[in-house]
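The values are calculated or read from the model by the stated rules, or taken from the named source; none is laboratory data. Just so it is clear, the structure is predicted and the values come from calculations on it, not from any experiment. Here the Cβ is made from the backbone with ideal geometry for all residues, glycine too, and neighbour counts use every protein chain on show.
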Amino acid sequence: MTALPVLVLGLLAALGPLSIDLYLPAFPALRQDLHTSDAAVQFTLAGMTLGLALGQAVVGAWSDRVGRRTPLLLSTVLHLLATIGCALAPSVEVLAACRFVQGVGAAGSAVLVLAIVRDVADGRALVVLLSRVTLVETVAPLLAPVAGAELLPLVGWRGIFDVLAAGSALLLVAALLVVPETARRPPEPVRLRARLRAVTVDRDFRLATVSGSMTFAGVYAYVAASPALLQEVYGLSPRAYAVVFLLNSLGLVAGVQLSSVLARRARPAQVLAGCTAVTLVAAAAIVPLQWTNAGLPGLLPCLWLFVAGCGGCFATAAGLALHGQGAQSGTATSVYGFATFAAAGLVSPLAGLAGITDATPVAVVLLATSAVSLAAGGMLLRAGAAQATSVAVPPVTRSSSA
């Protein structure tokens, strides 16, 4: 796959993270303007994340029947319309509803990008190509908080959504021009139940999905809690918060790049287990820092290391999950995407609900997600997952009905 389609696919996959990161510095202003609470503002993030989960549960499986291109374009249109709705929202309830729909649209892009990549690559090549797409997907939102902080005093939080809508429209045009149809449609329709069974009986898929889901949940918990933790507890301004968020997110890029390099030299299961171990150590180190006077200088390296470890897990976990699912890659990406974003949507508000007066609630959530992810990654490693050979998956049954 050439550079331009990889760039467009990466940006399409980044619609979800962009839709989240761009408005993070506006949380305090949004809360004041809509006369609501921190928890309610965080639920606008959780609403979008749940929309991402629901959309991925549906769109990928649908694309196994109708192809990738049409669902991809329709999902991008939905994201564009919902983003306009966010800019016009008169209340936090309407904003949360629009964010949910926005998440559904972004989900179509995310899950179909995974399916398209799986259509054109397999094995180690799949992990490498996923790493390239993931690199674009992670680099694109890096500047989003900085851009949001700069835009906020100029256009307000509603104008931030206007900018996002313009970006979505440009990506829609780019997808029309450069993204081809990649699905290899079966000669006869395949029952959804049979496709789901072929996906879920694969042990490696199940374990990699658990590990990937907990990694996503940990990152989204950090993202949801970071405005309150860094701005309200540690007193950073929106601009300073955006800079810190950018520096921490560079760890994500470092982790993605490292996983791409390691995938050429080690088994993917080894890479996954090692990266999840890094996240566990980083999260565990935050807790004793609350008993000292380490403050922000002690917290930030731990957060950076945690995010870097998660970056190493993203493409690796997805590659392990999809390795043996070429015959039903759309359905597999639906299940994987739903699981990851459902976990993120359920876990991301937990630290805020507990009350963020210091970093302890955030650390506990990150520690729990890392422990589960490491356990699943360790089981994959002991089972010898992701050798260069294919994973055995039972054949699906063809039928004329869905």
**Study point:** When residues of segment 70-84 are limited to those that are touching a residue at least 40 places away in the same chain (Cβ under 8 Å) and of a type in the set (A, V, I, L, M, F, W, C), the one surrounded by the fewest Cβ atoms within 10 Å (Cβ to Cβ)
**Key:** 77
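Residue-wise test of (1) modelled with pLDDT of 80 or more; (2) touching a Lys or Arg at 6+ places or on another chain (Cβ under 9 Å).
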site: 288; (1), (2): yes, no
site: 351; (1), (2): yes, no
site: 361; (1), (2): yes, no
site: 393; (1), (2): no, no
site: 402; (1), (2): no, yes
Review point. Is it true that residue 12 is touching a residue at least 24 places away in the same chain (Cβ under 8 Å), surrounded by fewer than 24 Cβ atoms within 10 Å (Cβ to Cβ) and not aromatic (Phe, Trp, Tyr)?
Key: no
Check your understanding: Does segment 333-369 hold any residues that are within 16 Å of the chain's Cα centre (by Cα) and more than 19 Å from residue 100 (Cβ to Cβ), and which are they?
Key -> 333, 335, 336, 366, 369
Exercise for review: Kindly establish whether residue 115 is at pLDDT below 80 and touching a helix residue (DSSP H, G or I) at 6+ places or on another chain (Cβ under 8 Å).
Suggested key: no
Review point. With 245, 205 as the choices, which residue is touching a Leu at 6+ places or on another chain (Cβ under 9 Å), modelled with pLDDT under 85 and closer than 24 Å to residue 373 by Cβ?
Key: 245
Review point. Restricting attention to segment 60-83, does a residue exist that is out of contact with any Leu (no Cβ under 8 Å at 6 or more places or on another chain), closer than 13 Å to residue 96 by Cα and in a helix (DSSP H, G or I)?
Key: yes
Revision key, fill the gap. The lone condition residue 36 fails out of (1) closer than 17 Å to residue 353 by Cα; (2) buried (at least 19 other Cβ atoms within 10 Å of the Cβ); (3) β-branched (Val, Ile, Thr) is (2)
Check your understanding: Restricting the search to segment 303-344, which residues are under 21 Å from residue 249 (Cα atoms), surrounded by fewer than 24 Cβ atoms within 10 Å (Cβ to Cβ) and not hydrophobic (A, V, I, L, M, F, W, C)?
Key -> none
**Study point:** Unique match (being in contact with a Pro (Cβ under 8 Å, 6 or more places away or on another chain) and more than 23 Å from residue 364 (Cα to Cα)) among 198, 240, 269, 254
**Key:** 198
Review point. Restricting attention to segment 260-284, and to residues there that are farther than 18 Å from residue 129 by Cα and of a type in the set (Val, Ile, Thr), which single residue is surrounded by the fewest Cβ atoms within 10 Å (Cβ to Cβ)?
Key: 281
Study note, to complete from the structure: Restricted to segment 370-391 and to residues being part of a loop (DSSP other than H, G, I, E, B) and modelled with pLDDT of 50 or more, the residue nearest to the chain's Cα centre (by Cα) is 385
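One line per residue, one yes/no per condition, for (1) assigned to a helix (DSSP H, G or I); (2) of a type outside the set (S, T, N, Q); (3) free of Cβ contacts under 8 Å to residues at least 40 places away in the same chain:
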site: 260; (1), (2), (3): yes, no, no
site: 269; (1), (2), (3): yes, yes, no
site: 291; (1), (2), (3): no, yes, yes
site: 300; (1), (2), (3): yes, yes, no
site: 319; (1), (2), (3): yes, yes, no
site: 330; (1), (2), (3): yes, yes, no
Practice item. Could you tell me which numbered condition residue 364 fails, if it satisfies all but one of (1) farther than 21 Å from residue 205 by Cβ; (2) surrounded by 24 or more Cβ atoms within 10 Å (Cβ to Cβ)? Key: (2)
